[in-house]
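Laboratory data are not the source of any read-out in this text; all were calculated from the coordinates shown. Quick caveat, the model's predicted, so the values are computed rather than measured. Don't worry about glycine lacking a Cβ; one is built from the backbone with ideal geometry, like all the others, and counts go over all protein chains shown.
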Amino acid sequence: MKLSEYVTHDGVGLADLVARGEVTAAELAATAQRASDLVNPLINAVVETWPGQDVPTPGSTALAGVPFLIKDIAITMSGKRVELGSRLAAGTVADADSSLMTRFRRAGLVTLGRTATPEFAYSTTTESVLYGATRNPWDPTRSPGGSSGGAGAAVAAGIVPIAHATDAAGSIRVPAAANGLFGLKPTRGRISMGPDADEVFNGLAVHGALSRSVRDSAALLDLVHGPEAGDPYTARRPERPYAQEVDRSPGSLRIGLLTRPWNGRPAHATVVDAALRSARLAESLGHRVEEVGVDLGVSWEEFVLANARLWSTNLVPWIDGSAAASGRPVDSTTVEPEMLASYAYGRRVGGTEFVDALALRNRVARAIGRYFADYDLLLTPTLPELPVPLGTYARGAEGADGLGWVERLFDRSPFTAAFNVAGTPAMSVPLESDPATGLPLGVQFAAGYGREDLLFRLAGQLERAAPWAQRTPTVWAGRAQGVSPSP
């Protein structure tokens, strides 16, 4: 298959070609490898590739035979490295598949490698010491977001149509916005974290995917959702497959519009304008949109403090476990400065402070829940600004402790983390772009607990009304050659 043809199909489209016998899964895998060879040197999104080991039965699922990538954290593939973006865990090889990896295999996906993540996925940019900086295919001098920045850059550049991602404070939606992709963060408990973890970051983190089409994300969620034995959370099963929701009318929805971030700092004017245009689009489709204020139930400072305590205390056993497994010391030769600071901060958090942070999680969940008792959805910008230049996060971060680092991250992504704390689903939709630069701008829609069905209905409607598939970045596998990254 020619690359120029390969990149015109989404995952469901490629699987259909395999089912009809027009191409084999092996041919698709080879084409994806060629795409990676062409563009990955320019964006550094994929840190390792290997030959596809699973041979799916054509037509067995909606995504059987589709080339796929997994993130280098929170998922294990037997016999393959999982390094968590850290020198501390470099060379670690998984001895078994995690529950989600087993489901990816059963889905017929052909997993070809792993994508870059910041160290321990603890950032919303992807610039680790171990892997180096991952570059945004739309502008290689800018960040692709994080922590699923490698997945976002790989999908946007046309290496694969869909890739695994995770989200603890925006790590699916941030790279979706930065790379012009669709990204949905599922409800807490929708996809199992097992078997080695019952929850990650005390339920703040979830698995998901980044894709170029809405139907790909819906089809994948259909194939992997549902609990495993021992899971602490269970989301209500959907009434029908999510893939069917994409083509269903959402009816007339009541949508709240929030353009001022919870941290109180105004979003960039071009971002606000994009959200307002999206609101007008929604109104033209028959929805009722009105500006709202949404109470988190706590102050922004309390919100950041509680998240910092939960994040950093969870980081401590990750780092200690990696050090014990590798035999390496926990110091500046193995761990990046921001992570060392967060590790030290986490060790200082007391038991009562940790329990207080969990209580705050409950208060936020109750406040968000009350909002969705009155409105179907909430519309916000996904990010308050355009994708930032590489190196932006590091400037001025010297000397920050664990709380200071989380404050820095949340100020860069103040619209997304509330829905991780509440456990409710949210999606970033690539409806807009910046008129001055052409860079993509994501618009976020959030729904009540367990209402991915509503999000998929609206996303499908928006995709039909304002298609984005024809927009492609500067670094794109469908072109004869890429571009050289700036130094």
Cα to Cα, under 19 Å, and not fewer than 8 places away if on the same chain: which lysines meet these conditions relative to Lys71?
Lys80, Lys185
Please report the spacing between the Cα centers of segment 411-435 and segment 177-196 in Å, no decimals.
12 Å
Between Thr352 and Asp196, what is the label-point separation in nm under the 7 Å Cα-to-beta-carbon projection?
3.5 nm
Per DSSP H run of n ≥ 4, the term is -39500 (n - 2.57); total these for the chain, divide by its residue number, and report the mean residue ellipticity at 222 nm rounded to 500 deg cm²/dmol.
-11500 deg cm²/dmol
Segment 340-444: C-alpha gyration tensor shape, a/c 1.5 cut-off, then a/b vs b/c
oblate
Leading residue at positive end of dipole, the chain (Cβ point charges), from Ala282, His164, Tyr6
Ala282
With a ≥ b ≥ c the root eigenvalues of the C-alpha gyration tensor of segment 28-121, is it rounded (a/c under 1.5), prolate (a/b larger than b/c) or oblate?
oblate
For the chain, which DSSP H helices look membrane-span-like by this rule: Cα extent along the axis of 20 Å or more and mean Kyte-Doolittle of at least -0.5?
25-43, 269-284, 300-326, 351-374
With no solvent and one point per C-alpha, what does the Debye sum give as log10 I(q)/I(0) for segment 209-270 at q = 0.13 Å⁻¹?
-0.66
How many nm is it between the label spots at Ser4 and Arg280, if each spot is 7 Å from the Cα in line with the beta carbon?
3.7 nm
Let's see if you can work this out: charge +1 on each Lys and Arg Cβ, -1 on each Asp and Glu Cβ, no other charges. What is the dipole magnitude of the chain about its Cα centre, in debye to the nearest 20?
540 debye
Extension gain Ala397-Ser249, at 0.36 nm per residue separation less the Cα-Cα distance, in nm?
48.6 nm
Return the distance in nm (one decimal) between the two label points of a simple spin-label model at Arg370 and Arg464, each offset 7 Å from Cα along Cα→Cβ.
3.7 nm
Note: Glu291 to Ala359 extended length (0.36 nm per residue) minus current alpha-carbon separation gives 21.6 nm
With a ≥ b ≥ c taken as the square roots of the eigenvalues of the C-alpha gyration tensor of segment 267-372, please select rounded if a/c is under 1.5 and otherwise prolate if a/b is larger than b/c or oblate if it is not?
prolate
Work out, step by step, the length gained on full extension between His268 and Arg236: first 0.36 nm times the residue separation, then minus their alpha carbon distance; give nm to one decimal.
7.8 nm
